[in-house]
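J.: What follows is a single structure, and I will ask about it in a moment.
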Amino acid sequence: MEQAFRLMYERLATFLVQNLDFKRVSAILEAGCGSGQLTIPFVKTLQKIKESFKVIAFDISAGPYEGDLEILKRRAQKEKLKNFITTVRGDARKMDVIGNESIDLIISNELFCDLDRRGLERALQEFYRILRPNGQMAHGELNPIPENEAQKLVVDANAYSLDTLQPRPDWFSPFSDEVAVLMRKTRFKNIYVRYFETNVKMDFDTAITQLKKWKTDPAFVERRLDDLKRYGLEYPIEHVIFCEK
């Protein structure tokens, strides 16, 4: 299963690099980087087309994400990428340590799902503040509308997670239309959505293991055991929302 997620993040990194313009990009901020699942493949992919750049890996690294930045530091050291990655601990809703108009590109993946509506508005305001004029953003989130029963189980399981930031947001992921409206309200422009196939599917045994890693309430597993045996789990498609300042 770890290999399936690794391949997904490698493909997502390639997807982002192919859909962004890096001509005037040198300072990149990844908001909610976690332990570097996307950070590492993104940097390695970008190295193929660009020699000089810096990624600020920004994460709250607290609560269920405690220690993630330390894991990322070790991974960057092991992959010989420490010259490209700077880790910063902080909250995307209040990024005082990042200067005004100091960033050329902001990316994130599955950050917005951890924020409620007010938190998302505050994060977008901070992104607007730190992004230079005409700077770019790309934010990926799992589609909250499942296409099949295996995807619906992933969406449903999220509500039973024992390992999440509090207060829990009302959504599994915000709809792309909702995010686009908030982006326009924050004065971002050229907003559009592209879709990324995650291609992550799990049979029953793998699904049970993954639910334990997600710290899903055992009551959910017990209640949906027959469905898990029948359908397994499948990641929904991602919508990636692009825009400019």
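J.: Who wins for biggest fluctuation among Arg89, Arg118, Arg223 in a Gaussian network model of the chain, springs between alpha carbons below 10 Å?
T.: In the Gaussian network model the winner is Arg223.
J.: Something else now. Carbon and sulfur together cover what percent of the accessible area of the stretch 133-245 at a 1.4 Å probe radius?
T.: Its accessible area is 47 percent carbon and sulfur atoms.
J.: Percent of alpha carbon pairs in the stretch 176-223 separated by more than 16 Å?
T.: Value for the stretch 176-223 (Cα pairs over 16 Å): 62 percent.
J.: How big is the convex hull of the Cα atoms of the stretch 1-137, per residue, in Å³?
T.: In the stretch 1-137, the Cα hull volume divided by residue count equals 112 Å³.
J.: Express the accessible area of the stretch 46-128 per residue in Å², computed with a 1.4 Å probe while the remaining protein chains stay in the model.
T.: Result: 52 Å² of accessible area for each residue.
J.: Right, another one. Over the chain, with a Gaussian network built from C-alpha contacts below 10 Å, which listed residue (Gln136, Gln125, Gln47) shows the highest mean-square fluctuation?
T.: With Cα springs under 10 Å in the chain, the top fluctuation among Gln136, Gln125, Gln47 is at Gln47.
J.: Another question about this same structure. Report, to two decimal places, the Cα Rg of the chain normalised by 2.2 N^0.38 Å (N = number of residues).
T.: My calculation over the Cα atoms of the chain gives 0.99.
J.: Compute the relative contact order of the stretch 1-142 as a whole-number percentage, counting only Cα pairs closer than 8 Å that sit 6 or more residues apart in sequence.
T.: Relative contact order comes out at 26 percent.
J.: With unit charges on the beta carbon (Lys/Arg positive, Asp/Glu negative), name the residue among Met8, Ser26, Leu38 whose Cα is farthest towards the positive pole of the charge dipole of the stretch 2-41.
T.: Ser26
J.: Let me ask something else. From the helices alone, meaning DSSP H stretches of at least four residues, give me the mean residue ellipticity at 222 nm for the chain, per-run term -39500 (n - 2.57), in deg cm²/dmol to the nearest 500.
T.: For the chain, the value works out to -11500 deg cm²/dmol.
J.: Averaging the inverse of every distinct alpha carbon separation and then flipping it gives the Kirkwood radius. What is it for the stretch 111-229, in angstrom units?
T.: Computed over the stretch 111-229, the radius equals 16.2 Å.
J.: Sequence gap at least 6, Cα distance under 8 Å: using those rules, report the relative contact order of the chain to the nearest whole percent.
T.: Relative contact order of the chain: 21 percent.
J.: Additional query: How far is the Cα center of the stretch 7-36 from the Cα center of the stretch 104-166, in Å?
T.: A separation of 15 Å, based on Cα centres.
The values are calculated or read from the model by the stated rules, or taken from the named source; none is laboratory data. All figures in this text were calculated on a predicted structure; none of them were measured in a lab. With ideal geometry, Cβ positions are generated from the backbone for all residues, glycine too; neighbour counts draw on all protein chains shown. Calculation scope for accessible area: heavy atoms of the full protein, side chains included, ligands and nucleic acids excluded. Shrake-Rupley method; radii C 1.70, N 1.55, O 1.52, S 1.80 Å.
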